[in-house]
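First comes the structure, then the notes that go with it.
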Amino acid sequence: MFELAQASQRVQAAFRVIRNTLERIFTINTAQRSLTRAALERLAEDVPSEDDAAPTRGDEEEEKVERPLGLHEQRLGTVLSVLRGVGAKRVLDLGCGEGKLLRLLLGEPQFEHILGMDVSWRSVEIASDKLKLNQMGEKQRARVELIQGSLMYRDKRLEGYDAAAVVEVIEHLDAPRLAAFERVLFEFAKPGHVIVTTPNIEYNALFPTLPAGKLRHRDHRFEWTRSEFEVWANRMASRFGYTVHIQPVGPVNEGHGAPTQMGIFTRGGEQA
Ligand code: SAH
């Protein structure tokens, strides 16, 4: 009898440990949760199909590392919620890749004009196919523009927008390119809001399939710690007349932070 009671206590203790661990792993920042809930619900019904994708080897590797967290969907859902929340109507998706965010934006009438730009012609082509641009009704078609262009060069086509999303792009730019991008975006295009996401390298240690010291994608030129991102974001804000609010995306780990970090920049205004 005594043994039975002891065994039951041990089981209960084990459950407590598991529950606490799970809670720690899946503690998602409360503010972010409210921002993302609606978008995630929508995403659950509308996750773009993977089968017609033509990702590069690096994209596949990165996806494999991050997949257990459904991280890309969370990221896109969060960015969509922020764009919705700031009331943006004219929106840029810079480095739009194969158009997953564009597809979500098109699903919401709030976004009256959407411009997707990528330096890779192949990505622009894939995005165009996936969005089925040539089968779209006239009204819907008029809302979206897809262009090839580089964030290295000042581009008049990027001016006059309420907001720009730059999702998982900056880590692909080496130092001189990043410096050019900063001016192209914040000084010349200068949208009302800029949302930048990038990996948090501190979290890499928690990805079981990622060897120690390796970045998530072979084309990443860097991945930043939380303080490196904060320093960069604050520098951008003070240099170009924006305020910035930084938010984690994905499950927050006490020691390592969240897998993705997001900066929400607002031109001239109040903290986002
Ligand atoms: N935002 C997309 C794609 C991220 S991958 C998503 O989250 O799914 C990074 C993208 O940035 C690639 O599509 C790449 O072609 C694009 N890119 C890299 N350098 C660029 C540049 N100089 N100008 C515009 N796009 C660039």
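The values are calculated or read from the model by the stated rules, or taken from the named source; none is laboratory data. Keep in mind it's a predicted model, so treat the numbers as computed, not measured. Don't worry about glycine lacking a Cβ; one is built from the backbone with ideal geometry, like all the others, and counts go over all protein chains shown.
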Self-check item: Given (1) in contact (Cβ under 8 Å) with a residue 40 or more places away in the chain; (2) in contact with a strand residue (DSSP E or B) (Cβ under 8 Å, 6 or more places away or on another chain); (3) part of a helix (DSSP H, G or I), index of the condition residue 229 fails
Solution: (1)
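If you go through region 92-135, how many residues are small (Gly, Ala, Ser) and surrounded by fewer than 20 Cβ atoms within 10 Å (Cβ to Cβ)?
Step one: filter region 92-135 for residues small (Gly, Ala, Ser), giving 95, 97, 99, 107, 116, 120, 123, 127-128.
Filter once more, keeping what is surrounded by fewer than 20 Cβ atoms within 10 Å (Cβ to Cβ): 107, 120, 128.
The number of residues fulfilling the criteria is 3.
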Self-check item: Some residue of region 179-193 being modelled with pLDDT of 95 or more, over 20 Å from the mean Cα position of the chain (by Cα) and farther than 30 Å from residue 89 by Cβ
Solution: yes
Self-check item: Breaking point among (1) surrounded by fewer than 18 Cβ atoms within 10 Å (Cβ to Cβ); (2) under 16 Å from residue 197 (Cα atoms), for residue 248
Solution: (1)
Quiz item: In region 233-272, how many residues are on the phi > 0 side of the Ramachandran plot and within 17 Å of the chain's Cα centre (by Cα)?
Solution: 2
Quiz prompt | Among the candidates 97, 77, residue that is at pLDDT 95 or above and at positive phi | solution = 97
Quiz item: Quick one: is residue 154 without any contact (Cβ under 8 Å) to a residue 12 or more places away in the chain and of a type in the set (Lys, Arg)?
Solution: no
